[in-house]
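The values are calculated or read from the model by the stated rules, or taken from the named source; none is laboratory data. Since the model is a prediction, treat every value here as computed from it, not as a measurement. So basically every Cβ, Gly included, is an ideal-geometry build from the backbone, and we count neighbours across all protein chains shown. SASA here: full protein model, heavy atoms, side chains in, ligands and nucleic acids out. Shrake-Rupley method; radii C 1.70, N 1.55, O 1.52, S 1.80 Å.
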Amino acid sequence: MAKPLACPSFKHPQNSDLDKKLVLGAVLFGIGWGIGGICPGPMIAGLLPFVYREEANRGYVFAVFAIWDVLGIYAARGVKAYLDK
């Protein structure tokens, strides 16, 4: 593809350094993917059939997803604070 469809040109990152934030982020993402056994995006789409099956399942699925989301946010803040030292 010569140029992107939605903007005038491709934007390439100027910084090509491998720092500890990039490496740790990639490692954490890989560990999460390995534990879950599925890519995070399709995992969300894969939960949809369970949401629409029964009323009891709907609340459970959303609760579990929300809890993991909040835990991930706080874990990311903790990792960022540790790496910024």
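Let me spell out the model: positive unit charges on the Cβ of Lys and Arg, negative unit charges on the Cβ of Asp and Glu, origin at the Cα centre of the chain. What dipole size does that give, in debye rounded to 20?
For this selection, approximately 240 debye.
Using a probe of 1.4 angstrom and keeping all protein chains present, the accessible surface of the chain works out to 87 square angstrom per residue. Placing unit charges on each Cβ (+1 for Lys and Arg, -1 for Asp and Glu) gives the chain a dipole about its Cα centre, and among Gly32, Pro4, Trp68 the Cα reaching farthest toward its positive end belongs to Pro4.
As a fraction of the 1.4 Å probe accessible area of the chain, surface on carbon and sulfur atoms comes out at 69 percent.
Phe29 exposes around 100 Å² of accessible area when a 1.4 Å probe is run over every protein chain in place.
Recomputing semi-axes √(5λ) of the Cα gyration tensor in Å from the coordinates shown identifies the correct label among (1) 36, 15, 9; (2) 31, 23, 12; (3) 25, 14, 9 as (2).
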